[in-house]
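Trainee: Next up is a structure, given as structure tokens.
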Amino acid sequence: KLAREYHHRRGERGRTKFIAREWAYHGTTLGALSLTGVPGFREQFLPLVPEVFHVPNTLGAVVSYPAEAVRWLVERTALGPGTLLLDVGAGTGKLTRLLVPSGARVVAVEPIAEMRALVEGVETVDGTAEALPFDDASADAITVAQAFHWFDLERALPEFHRVLRPGGSLVLVW
């Protein structure tokens with residue numbers, strides 16, 4: 001409804017969606033992101049259509065992953081000092097932050113600059129699952145938390161294989 005109303009008011013009656021892989025990783029609707037309160041997404045829709053309001057930015061208030069699950073992940077992947085973990089499609093770093101205490105070098109890989117800006121205390125890089133900016137056999141583990149279904153698997157899986165060291169781990173989290 002938001003998209004239809006927005007386009008209708010702009011005289012674009014045939015349009016019904018906001019989708020842009022450049023701004024909203026793998027087709028997330030821009031209209032939905034505009035309601036999150038993330039400034040880079042919100043401003044492009046102001047003034048918003050009547051009867052619609054912005055919710056506060058709740059990204060930091062989202063329930064965390066269970067500590068037992070994080071412990072299991074760290075143990076199973078043998079993360080620790082001297083290891084490299086890539087959290088691909090990291091978003092705001094919800095899982096990324098929890099992996100820092102492992103002692104591994106933790107890198108959040110995220111294509112959207114506004115999302116990377118919300119990741120605190122962790123190294124971030126601009127990248128996608130299909131084109132990771134890392135050398136062959138350089139990572140000990142790759143995590144993907146609730147983003148795997150957005151990837152182009154025909155390109156992402158070979159890319160993960162290329163970047164992971166022999167015996168490295170791919171961990172998918174939902």
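Derivation of every value follows stated rules applied to the coordinates shown; laboratory data play no part. Predicted model only: the values in this text are computed from it and were never measured. Counting neighbours? That spans all protein chains shown, and the Cβs are built from the backbone with ideal geometry, glycine included.
Trainee: 7 Å from Cα along Cα→Cβ at both Phe148 and Ala69: what's the point-to-point distance in nm?
Mentor: Here the modelled spin labels are 1.2 nm apart.
Trainee: Which peptide among 91-98, 160-167 comes first, and what is the full order, when sorted by highest mean count of other Cβ atoms within 10 Å? Could the numbers behind the result be given before it?
Mentor: Working: 91-98: 22.4, 160-167: 14.6.
Taking the mean over residues of other Cβ atoms within 10 Å, the ranking is 91-98, 160-167.
Trainee: Turning to a different aspect of this structure: Run the numbers for Arg9 and Leu172: contour at 0.36 nm per residue of separation, minus the present Cα-Cα distance, in nm.
Mentor: 54.5 nm is the gain from fully extending Arg9 to Leu172.
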